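The values are calculated or read from the model by the stated rules, or taken from the named source; none is laboratory data. Fair warning: this is a prediction, and the values are worked out from it, not measured in the lab. Glycine also receives a Cβ, built like all others from the backbone with ideal geometry; neighbour counts cover every protein chain displayed.
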Amino acid sequence: MQWQGNKDGYSKGRERSFHFGSMEHHICGMISHLGPQMAIADGVALAHKLKNENKVSVAYTGDGGTSEGDFHEALNVAAVWDLPVIFIIENNGYGLSTPTNEQYRCNNLVDKAIGYGMKGMQIDGNNILEVFHTIKQAREYCIKEQKPILIECLTFRMRGHEEASGTKYVPKELFEEWGRKDPVKNFEQFLIEENVITEMQVSDIRNGFRNHIESELQVAYNAAEMVVDTGVEMKDVYSQTSTVNSFQSSVVSRQSTEKRFIDAIKEALQQSMQKHQNLVIMGQDIAEYGGAFKITEGFCSLIQYSLACL
């Protein structure tokens, strides 16, 4: 349904095929230019940390995405604040059509971890077992140490960035080299050699997948077309709340006073901190220094634990 842009898809007909998100599966919708979604992983990890939850967040990007400023900001914040984030770089050698030798001068992208003071690992992204065990260990590390980790997966893209772009910019010999590293074929062969599975079972599994896909395609093809409803769309944009009326009545009941604009902002922030225990205030020099205009001066003494006061 997602691929057909149907309302029964994960994102209700939005976000095309690969950019979907699913709250049920804890997947945040993909941001097409990749860099910004790494900072979102920081925010999710911060929430887990403040709630004392043994969870980690995972963010993916490509070799091209590491050239964005958001990549630097996300890794720097995660390192400085000790956030449990697994940053995964899928290094397939090309940022769309730009080869890695035109993107960076370090020997490997995992070398960037040193600059941020975080742990880094480089692995064979086409080795299923190596990827599985590495991510498992990374998760355990992030939870135990409450720190981020950067993992560079060396892999390759056998088709274009999208079907329209093609692959003419990639040397033919690379396809031959990486074709021998096909993770699915190699893992199948490994399982057969280890007597975990037989070739007949592999064939049965493939046929099962094929039949399932064909069945789901028919469901999508036969689905009714979407009917645009502004009311439904608005509910997915704005949260349903009834606090506005109660807020207005409380304001009217109190006698108004005159105060400086910055004092009003400070009072509003203090009220919000008292009302919302999970509120996080982020900004430049807003902790002990109190901000350039001293709006947040003294706030740290009101907070039992806050990253802003570290």
So which of Lys147, Lys136, Lys172, Lys168 is among the charged types (D, E, K, R) and surrounded by 14 or more Cβ atoms within 10 Å (Cβ to Cβ)? Lys147
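Counting only residues that are in contact (Cβ under 8 Å) with a residue 60 or more places away in the chain and assigned by TED's automatic domain parsing to the domain that holds Tyr141, give me the helices (runs of 4 or more DSSP H) lying completely in the range 1-118 with at least 1 of them. Write out each step before concluding.
Numbers: elements: 35-50, 69-80, 112-116.
Fully inside the range 1-118 and qualifying: 35-50, 69-80.
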Inside the range 285-310, the number of residues satisfying the requirement of being part of a loop (DSSP other than H, G, I, E, B) and at pLDDT below 85 is 5
Looking at Ile123, Ile205 in this structure, which one is more than 30 Å from Asn52 (Cβ to Cβ), outside the structural domain of Ser57 (by TED's automatic domain parsing) and of a type in the set (Val, Ile, Thr)? Ile205
Can you pull out every residue in the range 217-238 that is closer than 17 Å to Ser11 by Cβ and assigned to a helix (DSSP H, G or I)? Ala220, Val232, Glu233, Met234, Lys235
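For the range 119-142, which residues satisfy the criterion of being touching a residue at least 24 places away in the same chain (Cβ under 8 Å), among the basic types (Lys, Arg) and over 20 Å from Ile40 (Cβ atoms)? Can you show your working first?
Pass one, the range 119-142, residues touching a residue at least 24 places away in the same chain (Cβ under 8 Å): 119-129, 135, 138-139, 142.
Subset that is among the basic types (Lys, Arg): 119, 139.
Selection gives Lys119 alone.
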